[in-house]
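Down below is the structure, laid out as structure tokens.
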Amino acid sequence: MKKLIFGLTLFGIVAVSGLRSATFSYTEYIEVARSEPVYRTVTKRIPYQECWDEEVPVTYQEGPSDNLGALIGGVAGGILGHQIGEGGGKTAATVGGAIIGTLVGKNLSSREAHSNGGYKIVKRCRTRYEEHREQVTRGYKNVAYYQGREIVKYSPRPLERIRVRITVSY
């Protein structure tokens with residue numbers, strides 16, 4: 001019972017005191033004392049081509065290719081074998097002459113060919129990057145004073161005034 005009476009009394013005091021207090025709010029604009037730019041560092045990478053001429057060794061063969069010599073030798077050997085052979089051996093002589101002519105022609109053409117060495121100029125390139133840092137404005141730090149207190153507001157541009165919402169309770 002004592003707890004109930006105490007709770008009702010406390011509730012009554014809070015309710016009566018709530019009737020006496022009042023609260024209101026208003027907006028005020030305060031002049032900015034100073035605006036300072038806020039910077040950040042940005043690194044930019046700009047690509048560029050670096051090119052040069054380079055001598056590289058080359059080898060190549062002059063003369064008829066091995067396949068051309070083998071073809072000519074095979075045809076010549078086949079013709080000669082066909083003329084030499086008689087009767088049923090004519091076909092064997094033609095095939096044998098073609099095989100021997102192919103081998104002889106390939107051998108002669110590879111002996112005739114010779115390597116020449118030299119150099120040629122080749123253009124080589126690589127992409128490089130030039131880096132440089134620069135300061136970029138990130139925004140502004142606006143400072144104002146209200147009743148001896150410093151108020152700071154960041155914005156993308158300098159401000160002339162800062163809006164302050166003031167709530168008064170009594």
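Among 120-127, 25-32, how do they line up by average Cβ neighbours within 10 Å per residue, starting with the highest? Walk me through the numbers before you get to the answer.
Details: 120-127: 8.9, 25-32: 11.6.
Sorting 120-127, 25-32 by mean packing, highest first, produces 25-32, 120-127.
Within 10 Å, count the other beta carbons around each residue, average over each peptide in 128-134, 34-40, and list them highest first. Display every interim value, and only then the final one.
Numbers: 128-134: 9.1, 34-40: 11.9.
Going from most to least packed, we get 34-40, 128-134.
What is the extension gain from residue 26 to residue 129, computed as 0.36 nm multiplied by their sequence separation minus the C-alpha to C-alpha distance, in nm to one decimal? Walk me through the numbers on the way to the answer.
On the way: separation 103, 0.36 × 103 = 37.08 nm, distance 5.65 nm.
Between residue 26 and residue 129, full extension yields an extra 31.4 nm.
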> Does a label point 7 Å from the Cα of residue 41, set along Cα-to-beta-carbon, have any residues of the stretch 134-152 with amide nitrogen under 11 Å, and which are they?
Replying inline: 134-135
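With a sphere of radius 14 Å drawn around the Cβ of residue 139, what net charge do the other residues whose Cβ falls strictly inside it have (Lys, Arg +1; Asp, Glu -1)?
Numbers: positive: 40, 138, 141, 153, 157; negative: 36.
For residues surrounding residue 139, the net value is +4.
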>> What three numbers, in Å, describe the spread of the alpha carbons of the stretch 64-112 along their principal axes, ordered from the longest?
In response: 37, 12, 11
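Where a number appears in this text, it was derived from the coordinates with a stated rule and is not lab data. All values reported here derive from a predicted model rather than from experimental measurement. All Cβ positions, even for glycine, are placed from backbone atoms using ideal geometry, and neighbour counts span all protein chains on display.
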